[in-house]
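What follows is calculated from the coordinates using simple rules that are stated; it is not laboratory data. Just so it is clear, the model here is predicted, and its values are computed rather than measured. Every residue, glycine among them, receives a Cβ derived from its backbone with ideal geometry; neighbour counts consider all protein chains shown.
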Amino acid sequence: MKFDTIIIGGGLSGLISGIYLSQRGLQCVIISSGQSALHFSSGSFDLLNNLPDGTNVQKPLDAISELIKQAPTHPYAKLGENKFKALTQQAEDFFKNIKISIQGNHEENHYRVTPMGTLKPTWLTLKNLLISENGKCLPIQHPGIFNVTGFLDFYSQFITDEFLKMGTKCSIHSINLPALENLRKNPTEMRSVNIARIFDKQENIKELVQILKAESKDCDSIILPAITGLNREDVVDYLRKEINKPIYLLPTLPPSVPGIHTQQKLRSVFQQNGGVYMLGDTVLRAEMKGNRISQIYSFNHGNIPFVGQNFILATGSYFSQGLIANTERVYEPIFDLDVTFTPNRTQWYNSDVFESQPYQSFGVKTDNTFRCMREGKIFENLYATGAILEGFNPLKEGCGAGVSILSAMYIAEQILSK
Amino acid sequence: MKQNEITQSFDVIIIGGGATGAGIARDCSRRGIKTLLLERLDISTGATGRNHGLLHSGARYAVTDKESAEECIKENMILRKIASHCVEETDGLFLSLPEDDLSYQSKFVEACNQAGIRAEIIDPKEALRLEPSANRNIIGAVRVPDGAVDPFRLTASNVMDAKLHGATILTYQEVIKIIREQNRVIGVKVLDHKTNEIKSYYAPVVVNAGGIWGHNIAKLVDININMLPSKGALLIFGHRVNNIVLNRCRKPADADILVPGDTICLIGTTSSKVPFEEIDHMRVTPEEVDVLLREGEKMAPILAQTRILRAYAGVRPLVASDNDPSGRSVSRGIVLLDHATRDGLEGFITITGGKLMTYRLMAEWTTDLICKKLNLSAICTTATEKLPGSRESIEEISKKIISVPLTQRNSTIYRHGDMADRFSENTPLDNSLICECEEVSVGEAKYALNELDVNNLIDLRRRTRIGMGTCQGELCACRAAGLMSDMKKICTNRAKADLTSFLNERWKGMFPIAWGDTLRECEYTAWIYEGVCGLTSSSKK
Amino acid sequence: MNLQQHNISDNNFEQCIKCTICTVYCPVAAVNPNYPGPKQAGPDGERLRLKKFNFYDESLKYCINCKRCEVACPSNVKIGDIIQAARIKYSKKQPKFRDYILANTDLVGTLSTPLAPIVNTTLGLKPVKAILDGVMKIDHRRTFPKYAFGTFESWYKKVAKKQATYPGQVSYFHGCYVNYNNPQLGKDLIKVMNAFNIGVQLLEKEKCCGVALISNGLIKQAKKQARTNINSIRKSVLEKKLPVIATSSTCTFTIRDEYPHLLDIDNADIRENVELATRYIYRLLGQKKTKLNFKTGKKIKVAYHTPCHMEKLGWAYYSIELLKLIPNIELTILDSQCCGIAGTYGFKKENYKTSQDIGEPLFKQIEALDIDYVVTDCETCKWQIEMSTSKQCEHPISILANALE
């Protein structure tokens, strides 16, 4: 199988680089070993919330020079200040182009609402999700929070109490209809996605409208858990039109309906542009010629190799086994690339789970164009992007999605400019 | 701190909510004694909840300590009867590996027989047929009546029975002072950690059943008990690799017992002296993890490929005999001290040493002494009366809740015995699972929250196994916290603070073994709680 | 220290980190609340079953073994395998007579083909369907695949000599469907292979691959048939040095990936030499640069449906690439989703609703398209799509054969 670019990993960074390249006429394949972390997305993409030293960041563009000083191997530092700025704008345009509606921009962080009801700074938030511009108050005064009866992954009480601290007084309501009763017979499958499937059906949406109308008389707006919009995007718009009130979604615990919808949307854009997406296959090994990767072999395709000009490694961190840790070391399983980590495993962790965990900053070493290396020698046509990269802490710095998106676009540019 | 003037009087005050304390409360209340049990944290938080959960046959002690062995086998047989829902009758094997001296086996069997323990030498091939996870290279095997016992359930059932017989059980009450009148102890002052109040309770007899912490309790009245904290580390594996307890047939050493317990199995222990300052902060070191794994793999090689869920350590209260201040001759036997005769202080008793297996016997001896002091002649019934949960057969209970989904039904009956039909409303809402790994339903959690003295998520875990499965709370912690706040058991601020401490408590056991899939689980959990939910340690404040 | 370097158990359920992704892609749990879902039935349940066998829940029979959970799983947990293995290990339910009839495609096919016109008419009759429904619990709304008049094997005897004359040779595992219901597909395959100057041989002895026997709990019989097949395949691959190709994605998948772990039949020595015809042809085109001569016919509009086992194999790519070679073809790729039939599953009265509910989104997508054919590699998908939509369904090899000179 011959392709221009072979992308290993089908999550956010793999898909973005794949779309970017295939939009510009390159024949790409994505090989993905299972579904991606977008399935647990909050519905927002963070760019930069904190510097490595813990300083809060409100305007990411202003903080980037300080970040480069503090963390020279940070992916953003490799991009450099100007490229970082240019790419953030490009990323926003990119989403608009492929018709993923977003709120927010790179000038200043806005705030998303967590499933706990608290606010957290972020860069871009998918449409229909509730946000706060200033991090102090919400755009609504008396919302009604409607949860599905028996849905255990959404917490109306937590949200109500947190909102009250910001001057927003919620009323709590519940939703039930026969289709949900049927789902509830199963003790575990009352999950966001299964509920969303119910609310993909027009007859159920109509019933939902009746419930919301009847119960929201004293509410200035309606809040729902993100349990709509799995296969159709117009549900919230339809509800708004029928009820004539602002309607917002809040993220739930996994699986994340907005995240899955985004994943599916990105994948379909990639495929519409001629990309081949191979799900559920694992890349096993690679063959090299000199300092170039020539072809790779996967489990499903056995002795039929993937032959390509360029290779992008977007396999993620530990979760998706882009990185593997054993008692001795942290390694990259496909190419055995150089990985930055501390040898003594006692130094991988902090005993307080909410403190910075060093293991989260381990990753593959790259040069400033994100080319990977083995024993210090650079592979000319192998690039790494996203969570597998070294030098950043996605949670503490609030930059995971930003690193994935920006590094993916940057690599795509490098490949195109060759 | 508020000083609360309200005081209450009892016949006896028991300090310590481990198995022993709970057992004494049960025994006392059944003998008609007005009983108060005080625990500074939750029940079974000390050594009770941090051991193998092995229902010793006594075989392990047969060669070195005949007295302990005899006590064990007697109590073993009693527990099978009175606590059937806390016990699994798995049997045990004592395996000789090629590196072990096979001559120890005959010595071992003879000692067992002398102590009244059925010990039967079986063909290694037969042993492998019975327990396929055992090392294929074993050269000898002895079958003994070991089993598994769940210490959390055992303690909770004792507490439940005590309450049914009128005892008062108060958790999160730390004794800060023992009130004395000349040479008599007459009560205690406690700090109520839930309300931050100081309270006083009075009784003519106060029992110190604080395990290793009893050392400090005794110090409150300037009594020195020569205790030696001995740390024992264990590893919990993700599923049961064995269904029969595996032991090494050699002199007791590190990591020579592998016990199947509920959904998991655990290997232990190590043994090392630790200073008193550390007993509240046990950490498992990489060296201990390595020893446990290396030795564990020898008994059951499959452990090399089995996911480790967590590592933890408990502290054994070893007591040096009074005439040996050096602490060299420690006993694992029961130590019952009447401080009236030992130290001239009336109304104060210390019960310590012993082991989980002999908790009931320790309670019986202690209660006998309490009765003597109170001039009562009631007799002990704890060896014959079944504990709540163990009074009906599994088949009978199963019939009562037959429409609960099968895996859930089996799990709840396993955990709660005949109490399982009390909490099942058996509606789809109540049957929804909070914890999917361990099959804990909303109904079960509600029951625990309403009736089993649960104050926070960690207590809830001890009563139900929420968060004790493969994901270690990743999927269920938030659901449980949400349920607690929905039921108005705690305010949402507390619920969130609870969530952070729950996750930290889980992490404490995970990071010593966080590689491979466990590290993947940790990373994923961090994404969910720190990333998506935005929890931070400052949410505590 | 080199501890726990290979931390993977035989049944790798412990790799599950409870991320819930599998539950998103299970077609059954989405429509049938009686099925516990892949997470509970698979890794979670396995852990409990290892504690005690009585945690086995008969509702695992609702799993259609589509493996979409496995394809989605980011932890490479063999969820579907775990569930199927548990059914074999723990289920105490005896297969019904109905299951026996449905599973024994060979026997029923042998009995039916000589009488095809009668059988086909009879199975279409309302009173017969009522009996099947009432007595056999085979749903009366289900249309039966038509039996052919005469088997593929008997037809092949007439062409065997000519096939042997080609310079290249390959063995063909035709499967029950080609043999009893659609010999034309076999003939089409021979036409396509001959276009490459390759002759087609049959295996010395071929039995039903056993997929229906496995899913109906008839394991002993499945093992027996699997052994026969593997022996024949070995003869072909190892002695005659002829690779084995097939046209059914499910037969291929079963022989390659289900024999070892479900039936305990080792296939490591020949696994790589059993593949789908479309993959074999893709390889040929890559190696020999053989040019195919296509008719200059009229435009053909088709939509490709990826069967579940094709999704699991990851081989839809080859079939799609072949279709793309056809001049004047307008090809739509349907969203990869289950059609709901799952072999004999959808024939059973108790599963009919689940089966049709699963397929509904696919049927809708198909009906919305202006196409001549749906194309797919799986025969049971074909039955389901033809019964549930207004479109005809063809195998990519047949489409290709038709387009060739």
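Once you have a ≥ b ≥ c as the square roots of the Cα gyration tensor eigenvalues for the protein assembly as shown, tell me rounded if a/c is under 1.5, and otherwise prolate or oblate according to whether a/b is larger than b/c. Note, shape of the protein assembly as shown comes out prolate.
The angle separating the long axis of helix A:257-272 from the principal Cα axis of greatest extent in chain A is about 50 degrees. Lysine pairs in the stretch A:130-250 whose alpha-carbon atoms fall under 16 angstrom of each other, counting only those eight or more residues apart or on distinct chains, come to 9.
Rounded to the nearest 10 degrees, the angle from helix C:352-367 to the longest Cα principal axis of chain C is 50 degrees.
Quick one: grab the alpha carbon gyration tensor of chain B, order the square roots of its eigenvalues as a ≥ b ≥ c, and give me rounded if a/c is under 1.5, else prolate or oblate depending on whether a/b is larger than b/c. It is rounded, given that a/c, with a ≥ b ≥ c, falls under 1.5. Within a straight-line Cα-Cα reach of under 17 Å, C:Lys78 can be paired with the following aspartates and glutamates, leaving aside sequence neighbours fewer than 8 residues apart in one chain: A:Asp281, B:Asp517, C:Asp10, C:Glu14, C:Asp44, C:Glu46, C:Glu70, C:Asp257, C:Glu258, C:Asp264, C:Glu311. Of C:Phe253, C:Phe152, C:Phe55, the residue with the greatest mean-square motion in the GNM of chain C, using alpha carbon springs below 10 Å, is C:Phe55. Peptides A:296-302, B:502-508 ranked from most to least packed, by the mean per-residue count of other Cβ atoms within 10 Å: B:502-508, A:296-302.
Hey, can you grab everything whose amide H is under 5 Å from the amide H of C:Val375? Only 5+ residues off in sequence or another chain; H modelled, so Pro and N-termini drop out. Answer set, sorted by chain and number: C:Ala303, C:Tyr304, C:His305, C:Glu394. So what is the calculated 222 nm ellipticity per residue for chain C, using -39500 (n - 2.57) for each DSSP H run with n of 4 or more, over all residues, to the nearest 500 deg cm²/dmol? Only helices count here, giving -12500 deg cm²/dmol. Loop-resident trypsin sites (Lys or Arg not before Pro) (DSSP state other than H, G, I, E or B) in the stretch A:276-317 with no more than 16 further Cβ atoms inside 10 Å of their Cβ are absent. For the stretch C:12-90, rounded, prolate or oblate, judged on the Cα gyration tensor with a ≥ b ≥ c (square roots of eigenvalues), a/c < 1.5 rounded, else prolate if a/b > b/c? Since a/c reaches 1.5 but b/c is at least a/b, the shape of the stretch C:12-90 is classed as oblate. When both the stretch A:364-393 and the stretch C:301-350 are represented by their alpha-carbon centers, they are found 38 Å apart.
Fewest-first ordering of A:Arg191, C:Arg234 by other beta carbons within 10 Å of each residue's beta carbon gives C:Arg234, A:Arg191. Summarising the amide proton neighbourhood of B:Thr269: residues at separation of 5 or more, or on other chains, whose placed amide H is nearer than 5 Å comprise B:Ala255, B:Asp256, B:Ile257.
Within 10 Å of the Cβ of each residue in A:108-116, the mean number of Cβ atoms contributed by other protein chains is 3.
For the stretch C:123-139, putting each phi into the Karplus relation 6.51 cos²θ - 1.76 cosθ + 1.60 with θ = phi - 60° gives couplings of 5, x, 6, 4, x, 5, 4, 5, 5, 4, 5, x, 8, 8, 6, 9, 4 Hz, in residue order, rounded to whole numbers and with x for Gly and Pro.
May I ask you to derive the FRET efficiency for B:Leu336 and B:Ile394 from their Cβ-Cβ distance with R0 = 35 Å, giving the value to the nearest 0.05? With a Förster radius of 35 Å, E is 0.45. Across C:Gly42, C:Gly346, C:Gly124, mean-square fluctuation computed from a Gaussian network of chain C (C-alpha pairs under 10 Å connected) peaks at C:Gly124. For the stretch C:276-405, DSSP calls about 10 percent of its internal beta bridges antiparallel. Between C:Ile17, C:Gln84, C:Pro38, the Cα set farthest toward the positive side of the dipole of the stretch C:12-90 (charges on each charged residue's Cβ, about the Cα centre) is that of C:Gln84. Label separation (A:Asn82 vs B:Ile122): 7.8 nm, computed from points 7 Å beyond Cα along the C-beta direction. Within chain A, what is the longest stretch that has no GluC sites (Glu not before Pro) placed in a DSSP loop and near at most 15 other beta-carbon atoms within 10 Å? The reported range is A:134-327. Of the beta bridges in the protein assembly as shown, as assigned by DSSP with both residues counted there, near 55 percent are antiparallel. With R₀ set to 30 Å, the beta-carbon distance separating C:Thr143 from C:Thr296 gives a calculated FRET efficiency near 0.25. Could you state the angle between the C-alpha long axis of helix A:60-70 and the longest principal axis of the C-alpha atoms of chain A, as a value from 0 to 90 degrees rounded to the nearest 10? For A:60-70 against chain A, the angle is about 40 degrees. Peptides B:184-195, C:353-364, A:9-20 ordered by packing proxy, namely the average of other Cβ atoms within 10 Å per residue, highest first: A:9-20, C:353-364, B:184-195. Of B:Lys488/B:Lys508; A:Lys127/C:Lys18; C:Lys18/C:Lys67; C:Lys224/C:Lys312, which pairs sit farther than 21 Å apart, going by alpha carbon to alpha carbon? In this structure, B:Lys488/B:Lys508; A:Lys127/C:Lys18; C:Lys224/C:Lys312 lie more than 21 Å apart at Cα.
Mind checking which lysines have their C-alpha under 21 Å from B:Lys219, skipping anything on the same chain fewer than 8 residues away? Partners within reach: B:Lys177, B:Lys189, B:Lys199, B:Lys273. Peptides B:128-135, B:7-14 ordered by packing proxy, namely the average of other Cβ atoms within 10 Å per residue, highest first: B:7-14, B:128-135. Averaged over the residues of peptide C:36-47, the number of Cβ atoms from other protein chains lying within 10 Å of each residue's Cβ is 5. Taking each of C:Lys187/C:Lys291; C:Lys39/C:Lys96; B:Lys399/C:Lys52 in turn, the alpha-carbon distance tops 25 angstrom for C:Lys39/C:Lys96. Of all the options C:Tyr259, C:Tyr172, C:Tyr90, the one that moves most in a Gaussian network model of chain C with Cα springs shorter than 10 angstrom is C:Tyr90. Legend: mean number of C-beta atoms from other chains within 10 angstrom of residue C-beta atoms, peptide B:27-35, equals 0. Hey, with R₀ at 41 Å, roughly what FRET efficiency would A:Asp218 and B:Leu170 work out to, going by the Cβ-Cβ distance, to 0.05? E(calc), rounded to 0.05, equals 0.40.
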